[in-house]
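The values are calculated or read from the model by the stated rules, or taken from the named source; none is laboratory data. Bear in mind that the values here come from a model prediction, so they are computed numbers and not experimental data. Positions of Cβ are backbone-derived with ideal geometry, glycine not excepted, and every protein chain shown enters the neighbour counts. Each accessible area value is taken on the protein alone, full model and side chains, heavy atoms only, with ligands, DNA and RNA left out. Shrake-Rupley method; radii C 1.70, N 1.55, O 1.52, S 1.80 Å.
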Amino acid sequence: MKVFIASDHAGFDLKESLKKRFADKFEFEDFGAFSTQSVDYPEFAHKLAQNVLDTNQYGVLICGTGNGMAMTANKHAGIRAGLCWNKDIAALIRQHNDANILVMPARFIPEETAFEILETFFATEFEGGRHQRRVEKINLV
């Protein structure tokens, strides 16, 4: 499975750890950042979100709090980016919200928790049913 991934400088190390840990399970296409030098996160979030929309694939965004990446990605109609700090939330954003981008806060979760979150996100299916109606109401534009 192809997964788009991007981070800012604060999420760079976690992004690299995720790519290494799951290299045998996912084909990652990395949109940056490519070092811990300060960058502007919206550039990476916009690029990844557009690629998710264009290809109907999934994405992973990582920054210090996760909030900036989530806010930016969710500006794109059709993107449902969810900020997760534990595996339970990762399961729920897939089950109930049909999230297509996982967002993680690198400065607030340990690496092992990030591994659990990513595994859970990709192992969980959208439940549909009453949740489908709600997901359809997200995009008002």
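Tabulated results
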{"read-out": "Added length on full extension, which subtracts the Cα-Cα distance from 0.36 nm per residue, Asp40 to Asp88", "value": "14.3 nm"}
{"read-out": "Extreme residue, positive dipole direction of the chain, given options Val52, Ile93, Ile62 (C-beta unit charges)", "value": "Ile93"}
{"read-out": "Only Lys, Arg (+1) and Asp, Glu (-1) charged, at Cβ; the chain dipole about Cα centre in debye", "value": "440"}
{"read-out": "Relative contact order of the chain, pairs being alpha-carbon contacts under 8 Å that are 6 or more residues apart, as %", "value": "24"}
{"read-out": "Cross-link pairs Lys15/Lys47; Lys47/Lys75; Lys2/Lys47; Lys2/Lys75; Lys25/Lys75; Lys2/Lys25 - those with Cα-Cα distance over 20 Å", "value": "Lys2/Lys75; Lys25/Lys75"}
{"read-out": "Principal axes of the range 9-81: Cα extent on each, largest first, Å", "value": "31, 29, 16"}
{"read-out": "Neighbourhood charge, 15 Å Cβ-Cβ cut-off, centred on Arg134 and excluding it, Lys, Arg +1 and Asp, Glu -1", "value": "+2"}
{"read-out": "Part-to-part distance (alpha-carbon centres) for the range 95-122 and the range 27-59, which is given in Å", "value": "16"}
{"read-out": "Computed [θ] at 222 nm, deg cm²/dmol, the chain (DSSP H ≥ 4; -39,500 (n - 2.57); rounded to nearest 500)", "value": "-13000 deg cm²/dmol"}
{"read-out": "Per-peptide average of other Cβ atoms within 10 Å, ordering 100-112, 122-134, 45-57 highest first", "value": "100-112, 45-57, 122-134"}
{"read-out": "Share of carbon and sulfur in the accessible heavy-atom surface of the range 12-54 [1.4 Å probe, %]", "value": "45"}
{"read-out": "Where the Cα pairs of the range 60-141 fall when distances are cut into 10 Å bins, in %", "value": "20, 50, 26, 4"}
{"read-out": "Kyte-Doolittle mean at least 1.0, axial Cα span of 27 Å or more - DSSP H helices of the chain", "value": "none"}
